[in-house]
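A.B. asks: Submitted below is the structure of interest, expressed as structure tokens.
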Amino acid sequence: MIVVAGAGPGGLVAALALQRRGFEVTVLERSPELRTAGAGLLLQPNALAMLRALDLVDPIAAAGIVMESAAVQDASGASISGMPFAALTPRFGAPAIGILRASLSGVLAAGLAPGTLRFDAGVAGVRQGDAHVEIDLEDGTTVTGAALIGADGIHSRVRAAVMGAIEPRYSGYTCWRGIVGLPHPAGPRRMVERWGRGNRFGMVPVSDATTYWFATANTAPGGIDGDDPIAELRARFAGFAAPVDDVLAATPPEAVLRNDIVDLAPLDRWTDGRVALLGDAAHAMTPNMGQGACQAIEDGVVLASVYDPSDPAGSLATYAGRRRDRARMFVDRSWSAGRMGQWENGLACAVRNTLARWTPGALVERMLVEQWSVEVPELR
Ligand SMILES: Cc1cc2nc3c(=O)[nH]c(=O)nc-3n(C[C@H](O)[C@H](O)[C@H](O)COP(=O)(O)OP(=O)(O)OC[C@H]3O[C@@H](n4cnc5c(N)ncnc54)[C@H](O)[C@@H]3O)c2cc1C
């Protein structure tokens, strides 16, 4: 049996892909149910190509919104640049999909064999023997497997058990997220990100009548919101043109999530014998490129495609070798994009926006093609 720790997008896809190859899998999830927090996600064509191998693109599209374009604007709403998702459809199939995290988890979990998911099963420690891995759970029980996939997120216990403590890096900015019962103000199939000075505001449709928004601001780490986060956000983003204030005003304060944006400095190793890390546990990145879950999904399918029960450690090392450079590229690019996106100096922001406006569409398209082109392995 292969044990997966964590039922986020990475762990669920790894489990689905391993089961597709006929392996027995258990997913240990610390929470009492599938986590619904995390608002919305954008799934890009590289992740969708992997999900197509699991026949999951249609149900995911049905549970979310297929996006045709993305626009970057300044705080006044003037255009800075655009991404033609739909124009690249002939090459990549489904363009990007906006979806609630809860809806994605639901679709993924529904494809698992009955009894795969174990809730209230937090991993506390890991011991490796010659022929197996023993996983100690927080409730004092032990699970034994041939291999352990640590898909337990940025603060991974599995990683800590096999590699020691690694502190995430604080990016310098915090992100608030919310879901609001409003159709997307920029049209039903278009996402928008607005760049201010030291702050950004984005809106992504996740259903015909629901919009997911995110807002970033440069702050010291560890801040907490007062009783009325919406009032504080409306004051912070007062300089942003409509519909930002309307979107915030329509959001129930209790629906606001706040997270300091952190990532992991690239790790040299993702595996230790029969234990492999996957998704945020291996390569948490800042959300600036919308690729964290997409990369976790790529990990899951690649890992499953190379897993060899006659050589768990060797095949897990092969998985890490295939995935590390690409994931690292997104960690680095996301970090740099976030730094630039959070500039405060007025002149620097004006230069940034002008350079982005002048960037030829063909160059933007070439970058997207590079990011989205993945080889989809066979799951046989
Ligand atoms: C503001 C923001 C916006 C983002 N937007 C996007 C986007 O648009 N597109 C995109 O692709 N990515 C996006 N991301 C990144 C994305 O959310 C993560 O990269 C993705 O969720 C990682 O998936 P994962 O399965 O590796 O880990 P997680 O989603 O973190 O899941 C880990 C799971 O492990 C469980 N767990 C934790 N500890 C234990 C334990 N000890 N034992 C058992 N289970 C445990 C957790 O409860 C959780 O269910 C965004 C992130 C942020 C912060």
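A.B. asks: Tilt of helix 361-372 relative to the longest C-alpha principal axis of the chain, in degrees (0 to 90, nearest 10)?
C.D. replies: 20
A.B. asks: Among F240, W335, V306, whose Cα sits farthest toward the positive end of the charge dipole of region 227-335 (+1 at Cβ of Lys/Arg, -1 at Cβ of Asp/Glu, about the Cα centre)?
C.D. replies: With unit charges placed on the Cβ atoms, the residue in question is V306.
A.B. asks: May I pose another question? Using helices alone, I'd like the mean residue ellipticity at 222 nm for the chain: each DSSP H run of four-plus residues gives -39500 (n - 2.57), total over residue count, nearest 500.
C.D. replies: Working: 13 runs with 136 residues, N = 380.
It lands at -10500 deg cm²/dmol.
A.B. asks: Once the Cα atoms of helix 9-20 and of the chain are each reduced to a long axis, what angle between those two axes, in degrees from 0 to 90 to the nearest 10, is obtained?
C.D. replies: On a 0 to 90 degree scale, this one is about 40.
A.B. asks: Now, a different point. What's the ranking of 5-12, 105-112, 137-144 by average number of surrounding C-beta atoms within 10 Å, highest first? Each step should come with its number before you reach the end.
C.D. replies: Working: 5-12: 28.9, 105-112: 17.4, 137-144: 12.6.
For the peptides 5-12, 105-112, 137-144, the packing ranking is 5-12, 105-112, 137-144.
A.B. asks: Using 20 Å bins from zero, what percent of all Cα-Cα pairs in the chain falls into each bin?
C.D. replies: 29, 58, 13, 0
A.B. asks: What is the distance in Å between the Cα centroid of region 22-44 and that of region 155-177?
C.D. replies: 18
A.B. asks: Quick one: which of 368-376, 21-29 comes out on top by average Cβ neighbours within 10 Å, and what's the full order, highest first? Don't skip to the answer; put the middle values down first.
C.D. replies: Working: 368-376: 14.9, 21-29: 18.6.
Averaged packing, sorted descending, gives the order 21-29, 368-376.
A.B. asks: For region 28-67, restrict the atom set to alpha-carbon positions and state the Rg and Dmax in Å.
C.D. replies: When restricted to the Cα atoms of region 28-67, Rg and Dmax are 12.3, 33 Å.
No lab work stands behind these numbers, since they all come straight from the coordinates. Just so it is clear, the model here is predicted, and its values are computed rather than measured. With ideal geometry, Cβ positions are generated from the backbone for all residues, glycine too; neighbour counts draw on all protein chains shown.
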